[in-house]
Amino acid sequence: MADGCACDRHAHMFLTVSQALTKGLSVANPITETETLPLIDAIGRVLAEDCTSKVDMPAFDNSAMDGYAVRTADLGDGPLFELPVAGRIAAGDSGAHDAPAGSALRIFTGAPVPPDFDTILMQEDCDATAQGIRFSRRPKPGQHIRRVGEDLKAGAPILRRGCEITAREAAALASSGYGEVTVYRKLKVTIFSTGSELQQPGEALGPGQIYNSNRYMLRALLDKPWIALTDKGPVEDNPAKLEQVLREACDSSDLIITTGGVSVGDEDHMPRLFEAIGGKPDVMKVAMKPGKPIMFGRRGDALYVGLPGNPVSAYVTWQIVGSHMMARRAGLHHASQTPEQAVLSEPLSRRAGRQEYRPVVIEGAEPDGTPRLRLMAASYSGRVALLAQSDGLAVIPAETEALPQGHSLSFLRF
Ligand code: AMP
Ligand code: MG
């Protein structure tokens, strides 16, 4: 088989998790079309331009305190200083004044400091008198003045393209003067769940039926401002129907995500159907638990990710591989979650061979703050409700067979 790919669904070829991720990312073609939106409408979208500040920050010298602006040249030898107060400048005022030499100005936080004033006295450090103010400690020149451009100069880089415009990015763009920004257009994503056994939650289960959990899981995972989602619901294991829905999805979407039907059973139609409509399928058997196999492929610009039907496997393969492919397709910087270090609250023993993502509960912490993990039962892959009761996934390396209590382990917090 060309380059040893697992196109042959029967090939007993397992990829490591990192090989699978590399492979998946290599077919994820980043979106290039952009649109320019008012900043308020760009919140939650993916930034498509490198941004530099349009203004100096701060834009003018301003007071960092509530107090009094003073000219140090006006001060005598002390030990006591007394000045009349000749005016008042608040935030939003222009900073113009007609304070004669030898007088102070009442000033508030954020108010412009007039150029001829060179220091700010905190109000706590002086007494207000009938004539003005009195204080005994000589202020240092420049104290409590935030200088123009001291945080950021106009033209300084603030954000790189490929970030999600969340609260911090939105505030950075607003403060540096962006009324509108260029973002990638929304990613058109279509999902459907394959399986004749699927019943909608809320309906009675007939013989052989189960509730469709993957649809709801994917809806939650894909509920993002940068996604335009089409949900085709469940589709039964009928090749003609599956092919029609898959074809429509590929014709109209940037990314298609399905669950089920990618294994080697007679009812696992998706790789063959994807090929039949002109796609190039690749079914990766990944040495991970839970999870194998995962399918992906391209048909023109459309990227297809076929997740396993088992809901725990679908969730984990999505987190470890699929979500990164989608992020890249959407124009996001690829940033994988850095695992945290933790210790085991009990010994572990298992069969070596596959990198395992085991649901864990945080049961407290070591004196240095390292979380202590209790492992969920080894047979969790059919119990998706366990994911909702756990705090993250412990990452157990492929070769690990046993670990003593207290041993350190990395984990991915939910
Ligand atoms: P498959 O990959 O289609 O062979 O499915 C593997 C297992 O996951 C089977 O036991 C299916 O019944 C189950 N399954 C498939 N799709 C779903 C779904 N959408 N929700 C819950 N379980 C599913
Ligand atoms: Mg199935």
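Readers should treat all values here as calculations from the given coordinates under stated rules, not as data from a laboratory. Worth saying up front: this structure is predicted, and the values here are computed from it rather than measured. Every residue, glycine among them, receives a Cβ derived from its backbone with ideal geometry; neighbour counts consider all protein chains shown.
Once the Cβ-Cβ distance of residue 122 and residue 334 is raised to the sixth power relative to R0 = 56 Å, the FRET efficiency obtained is 0.70.
May I ask for log10 I(q)/I(0) of the chain at q = 0.06, 0.07, 0.09 Å⁻¹, from a Debye sum over the Cα atoms as equal point scatterers with solvent left out? Treating every Cα as an identical point scatterer, log10 I(q)/I(0) equals -0.42, -0.53, -0.71.
Straight-line reach from residue 280: taking Cα to Cα under 27 Å and skipping same-chain neighbours fewer than 8 places apart, the lysines in range are 23, 186, 188, 232, 241, 289, 292. In whole Å, what is the distance between the alpha-carbon centres of the range 141-204 and the range 354-414? Cα centres, the range 141-204 to the range 354-414: 32 Å. Residues whose amide H lies under 5 Å from that of residue 158, counting only those 5 or more places away or on a different chain, are 51, 52, 53; hydrogens are built 1.01 Å from N in the peptide plane.
A simple charge model with +1 on the Cβ of Lys and Arg, -1 on the Cβ of Asp and Glu and nothing else charged puts the dipole of the chain at about 880 debye relative to its Cα centre.
For a straight C-alpha distance cut-off of 22 angstrom, the lysines reachable from residue 153 (same-chain residues fewer than eight places away being disregarded) are 54.
Between the beta carbons of residue 410 and residue 147, assuming R0 = 56 Å, the FRET efficiency works out to 0.80 to the nearest 0.05. Among the trypsin sites (Lys or Arg not before Pro) in the range 82-189, those located in a DSSP loop and surrounded by at most 14 other Cβ atoms within 10 Å of their own Cβ are 137, 147, 153, 160.
When the alpha carbon gyration tensor of the range 295-361 is reduced to an equivalent ellipsoid, its three semi-axes come out at 29, 16, 9 angstrom, largest first. When you filter the chymotrypsin sites (Phe, Trp or Tyr not before Pro) in the range 81-157 for DSSP loop state and at most 13 other Cβ atoms inside 10 Å of their Cβ, nothing is left. Of the GluC sites (Glu not before Pro) found in the range 188-240, those in coil by DSSP whose Cβ has at most 10 other Cβ atoms within 10 Å are 203. In a simple Cβ point-charge model (Lys, Arg +1; Asp, Glu -1; nothing else charged), the range 283-414 has a dipole of about 700 debye relative to its Cα centre.
With the charge dipole of the range 340-413 set up from +1 on Lys and Arg Cβ and -1 on Asp and Glu Cβ about the Cα centre, the Cα lying farthest toward the positive end among the listed residues 349, 407, 362 is that of 349.
Listed by number, the DSSP H helices of the chain that run 15 Å or longer by alpha-carbon position along their axis and have mean Kyte hydropathy of at least 0.0 are 17-27. Which of the three applies to the range 259-324, rounded, prolate or oblate, going by the alpha-carbon gyration tensor with a ≥ b ≥ c and a/c under 1.5 meaning rounded? It comes out oblate by the Cα gyration axes.
The alpha carbon gyration tensor of the range 340-413 gives principal lengths a ≥ b ≥ c with a/c of 1.5 or higher and a/b no greater than b/c, which makes the shape oblate. Dipole of the chain computed with +1 at Lys/Arg Cβ and -1 at Asp/Glu Cβ about the Cα centre; of 193, 278, 259, farthest Cα towards the positive end is 278. Summarised as an ellipsoid, the range 280-414 has semi-axes of 29, 16, 13 Å, derived from the eigenvalues of the Cα gyration tensor scaled by 5 and square-rooted, with the largest first. Charge dipole (Cα centre; +1 on Lys/Arg Cβ, -1 on Asp/Glu Cβ; no other charges) of the range 62-146 amounts to roughly 140 debye. Computed over neighbours whose Cβ is under 13 Å from that of residue 278, the net charge equals +1, Lys and Arg +1, Asp and Glu -1. Projecting the Cα atoms of 142, 78, 103 onto the charge dipole of the chain, computed from C-beta unit charges around the Cα centre, puts 142 farthest toward the positive end.
Of all DSSP bridge pairs formed entirely within the range 62-146, close to 85 percent run antiparallel.
Using a Förster distance of 30 Å, how high is the FRET efficiency between residue 228 and residue 54, based on the Cβ-Cβ distance and rounded to 0.05? The calculated FRET efficiency here is 0.50.
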